[in-house]
Every structure is written in structure tokens, then in C-alpha cells.
Amino acid sequence: MKETRGSLRHLTRAKAPWYWPILRKESRWTIKPSPGPHPLRRCIPLGILVRDILGYASSMRETRRVLSEGKIEIDGKTVRDYKYPVGLMDVIHVKPTNEYFRILPHPQKFLWLHPIKES
């Protein structure tokens, strides 16, 4: 009989990757990215990107509303999942402000949003 390792669907803020721009002692839990094009240790969940990095929402409830209205595109596709993993070389388009960002590596922060022109 195989021993289980516990829940794999939850992630505490203390065990989140160091480059995520979240406050470690604000609350106990954070968003764990869903399976997708980027592995856990090389991505940021879309909810954290919208709320903490871009600042388009002040709470996760507002973040989910922004995403459900289809205001954010990733690589040309509208994404409504707040757990969607966003990683290296992804292009983020914010429709209401018509801003474009590309996620690039940064020497200190690991992942960085670089503003780009529409192309």
C-alpha cells in the first residue's frame, strides 16, 4: 500500500517561490498555479499578476471579476482562470488600457514585466 504525501492542491505563502511579489505573513494561503504551459517553479499565477504586480485589483474577488469579464489576454487568448500559470516570453494584453507586457528574465527578480508595443 502506498503512503500519501498530503494535499497537492494547496500552497502556503511561506513555501511559495521566492520571486513571487507577495507578503509572506499577510495570510496563510496563496494561489497554487493550475497545470499548464509552465512548471510551478518557473511561473506566476495570473491572479497574483493582476492583483499584486499590475495593481488592477485590490482583492482576489476583484481579480476574479476582471478575469471573468475577459479583460486580460495571454498570448492572444482570453484567459478567465485566476490560477493560470504565466511564464517566460508570454505576452499579456490588458484590453481596457490597451497595454502589452512580455514576461522576461530579470537578474534580481527572476521574472519581470517588460512593457512592449502592440505587434
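The values are calculated or read from the model by the stated rules, or taken from the named source; none is laboratory data. All figures in this text were calculated on a predicted structure; none of them were measured in a lab. Glycine gets a Cβ as well: all are built from the backbone with ideal geometry, and neighbour counts include every protein chain shown.
A few comments on the model shown:
- Of everything listed in (1) of a type outside the set (Phe, Trp, Tyr); (2) farther than 22 Å from residue 68 by Cβ; (3) at pLDDT 85 or above, the single unmet condition for residue 33 is (2).
- Residues that are farther than 19 Å from residue 32 by Cα and either in a strand (DSSP E or B) or touching a residue at least 60 places away in the same chain (Cβ under 8 Å) (or both), drawn from the stretch 51-73: 72, 73
- The condition of being β-branched (Val, Ile, Thr), in contact with a helix residue (DSSP H, G or I) (Cβ under 9 Å, 6 or more places away or on another chain), surrounded by 16 or more Cβ atoms within 10 Å (Cβ to Cβ) and farther than 23 Å from residue 9 by Cα does not hold for residue 44.
- Taking (1) modelled with pLDDT of 90 or more; (2) more than 11 Å from the chain's Cα centre (by Cα) in turn, residue 49 satisfies each apart from (2).
- Enumeration of residues in the stretch 54-101 that are more than 29 Å from residue 27 (Cα to Cα) and surrounded by 12 or more Cβ atoms within 10 Å (Cβ to Cβ): 75, 78, 91, 93, 95, 99, 100
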